[in-house]
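Data first, discussion second: the structure below is written as structure tokens.
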Amino acid sequence: MLSMKQAPEALAGLLFLVLAGNVAAAQAKPAMPGQGDDFFNLGPTGATGTPLKPKESEALGIPKGSVGIRVEKAAPGSPCAGRLEAGDIIVAAAGRGFPAKDDPMLCLSRAIEAAEAAKVPVLKLSLLRSGKPAAAAVELPALGAHSRTCPASCPKCRAVIDAGLAYLAKAQESDGSFPCATGGINGKIAVTTIAGLAFMAADEKPAEGRYAAVVKRAIAYVMRNAGTESRLWDGQAQKGANWSQLNWNLGYAPWLLAEAWKATGEEAAKAKVAELARKIVETQEKSGGWAHGPGGPNALDYLELEIVSNFCLASLGFARRIGVEVPQEPIDRGVAYIVATGAGDGGVGYSTRAGQQGFGDPGRTAGAIVAFQALGLARHGFFGKMTGYYRRTLPRLIGGHVSPCMHLLSGAIAAELGENRTSKAFRDEFRDEIMAARVHDGSFNARPTTETQQLHHNTDRGVGPAWTTAHFTLILLVPESRLALVGK
């Protein structure tokens, strides 16, 4: 269960891009996006599942020390269709069981990758079906093996990236945005920013390349809508509460628009970044941090949260790097706020509130590293402490609060900004995780964490597959990104 110190943070996380859903829940309406069962993706097989606990596995006759994976769903038309059924228990892949001491999802992911690299790409699974032994052979695309330089110059990763970009290109809506199940304009700007960056990172000349039209439409959407906020709910139900999420919108949009200016020199993009930078400064709280949005404490009666500060400060840094004048005083206060959230060991906390201050997290710390780098603060005394903390705690990144996708992307960028050993450590630690998130249609699925399963709510799943696909695709592109600002 969540501790009392973790509980405020967990509740706060539900506000990220899902406030409309919270209102609906409060009114006993249908479940909000991302709420409910949180199953693991079983790679590009087309199935989702749940790892069994050791006692459950033993009760089914699975050898002690190993566990099974229960199939929850098998998508029609996917590689596993007609081969796996809901309720099947996968007990081995390619003749190997899943040791309880290891992560069975990652063991399965490795078996899938081995099958994809074989001359005949077939994943052979041993099952229990209705309590009786069975077998299944799942045919997969032949993608080959990863290169030694993976993900840079890796044909397999490039194939996965191209599939992700193709999925996103088909998903782009007529107004230039990308689908977002919740959050209105704020959510769409966040998703469209990350998707736009993924396309730009993949193309040497994003204004002229294969996906130039996609990028142009995404930029146009952000240009039209950044700095505005739609009304997502009937305020009468929560009269007096502040439900603004504007600072997510302001924090994300300049990442894409600053890159657009670097790629095209379009002065309108620079002017929009300048406008958004002014608004970011205006919405800064007296503490130096940023809340979900301006207007005072929100309905859960808290104000600032550090992770929004990471995005807002990074955006101010990107604004400066394209020649926009940004006053120094709000930057100094924002940096001081980030430092104040921690316990002095380099770990960045959730906020400066009692019970949330001092609890470092690698994802928030990675985001702060990106912000400091964007601001040219790599020589700041706290920067070295953060990079050291991030290296030490990197394996915990996947369990980050609210959005594993967000933390993994910050972590990937922070790793590339560091020395080679940090970059290698990130790749070694999370390649299996990233590959396990692949879906047969080219998209990437959300990843459950201890927190999402306890809360029965996964924000990544709630925002939707364009969000997760854009993040994972951009993560794979970070090592050889063609972006001029983000990650450089």
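The values are calculated or read from the model by the stated rules, or taken from the named source; none is laboratory data. A quick note: this is a predicted structure, and the numbers were derived from the prediction, not measured. Glycine also receives a Cβ, built like all others from the backbone with ideal geometry; neighbour counts cover every protein chain displayed. To get the accessible areas, we keep the full protein, side chains included, count just its heavy atoms, and leave off ligands, DNA and RNA. Shrake-Rupley method; radii C 1.70, N 1.55, O 1.52, S 1.80 Å.
Determine the shape class of the stretch 319-427: with a ≥ b ≥ c the square roots of the Cα gyration tensor eigenvalues, call it rounded for a/c under 1.5, and otherwise prolate if a/b is greater than b/c, oblate otherwise. Oblate. Taking label points 7 Å from Cα along the Cα-to-Cβ direction, Ala94 and Arg129 give a separation of 2.3 nm.
Per residue, the stretch 351-488 exposes 33 Å² of accessible surface when a 1.4 Å probe is rolled over the protein heavy atoms with every protein chain present. Helices meeting the span-like rule in the chain (full DSSP H runs, Cα extent of at least 15 Å along the helix axis, mean Kyte-Doolittle score of -1.0 or higher): 104-117, 155-171, 184-202, 212-225, 246-264, 267-283, 306-321, 328-341, 362-374, 381-393, 404-417, 465-477.
Overall, the chain carries a charge dipole of about 700 debye about its Cα centre when +1 sits on the Cβ of Lys and Arg and -1 on the Cβ of Asp and Glu, all other atoms neutral. What FRET efficiency comes out for the pair Glu329/Thr228, r = Cβ-Cβ distance, R0 = 41 Å, nearest 0.05? E(calc), rounded to 0.05, equals 0.95.
When only the Cβ of Lys, Arg, Asp and Glu is charged (+1, +1, -1, -1), the dipole of the stretch 23-153 relative to its Cα centre reaches about 260 debye. Placing unit charges on the Cβ atoms only, positive for Lys and Arg and negative for Asp and Glu, gives the stretch 393-488 a dipole magnitude near 120 debye about its Cα centre. So if R0 is 35 Å, what FRET efficiency would Ala268 and His456 give, r being the distance between their Cβ atoms, rounded to the nearest 0.05? Computed FRET efficiency for Ala268 and His456: 0.20. Kirkwood analysis of the Cα pair distances in the stretch 314-356 returns a hydrodynamic radius of 11.7 Å.
Ignoring ligands, DNA and RNA, what percent of the 1.4 Å accessible area of the chain is carbon and sulfur? Percent of accessible area from carbon and sulfur atoms in the chain: 53. Applying D = kT/(6 pi eta Rh) to the stretch 222-358, where Rh is the Kirkwood radius over alpha-carbon pairs, T corresponds to 37 °C and eta to 0.692 mPa s, the Stokes-Einstein value obtained is 211 µm²/s.
Cys residues of the chain that find no other Cys beta carbon under 4.7 Å: Cys80, Cys107, Cys180, Cys312, Cys405. Taking all protein chains as they are arranged and a probe of 1.4 Å, the heavy atoms of Val281 leave approximately 40 Å² accessible to solvent.
For the stretch 440-488, a/c is not less than 1.5, where a ≥ b ≥ c are the root eigenvalues of the C-alpha gyration tensor, and a/b tops b/c. That puts it in the prolate class. Put simply, the Cα atoms of the chain extend 68, 50, 44 Å along their principal axes, the longest span coming first.
Projecting the Cα atoms of Tyr221, Leu168, Val138 onto the charge dipole of the stretch 90-243 (Cβ charges, centred on the Cα centre) puts Val138 farthest toward the positive pole. The ellipsoid equivalent to the alpha-carbon distribution of the stretch 117-231 has semi-axes of 37, 22, 10 angstrom, derived from the gyration tensor eigenvalues as √(5λ) and listed largest first.
Given a 1.4 Å probe and the protein chains as shown, Glu451 ends up with an accessible area of around 40 Å².
Does the stretch 99-151 come out rounded, prolate or oblate, given a ≥ b ≥ c as the square roots of the eigenvalues of its C-alpha gyration tensor, rounded meaning a/c under 1.5 and, failing that, prolate meaning a/b above b/c? Oblate is the answer for the stretch 99-151, as a/c is 1.5 or above yet b/c matches or exceeds a/b. If you take the alpha carbon atoms of the stretch 354-409 and fit the smallest convex hull around them, that volume is 90 Å³ per residue.
Accessible surface computed residue by residue for the stretch 110-179, with neighbouring protein chains in place and a 1.4 Å probe, gives 50 Å² per residue. If you sort Cys405, Cys107 by accessible surface, 1.4 Å probe, largest first, the order is Cys107, Cys405. Between the listed residues Val486, Gln356, Gly376, the Cα displaced farthest toward the positive end of the dipole of the stretch 354-488, a dipole computed from Cβ unit charges relative to the Cα centre, is found at Gly376.
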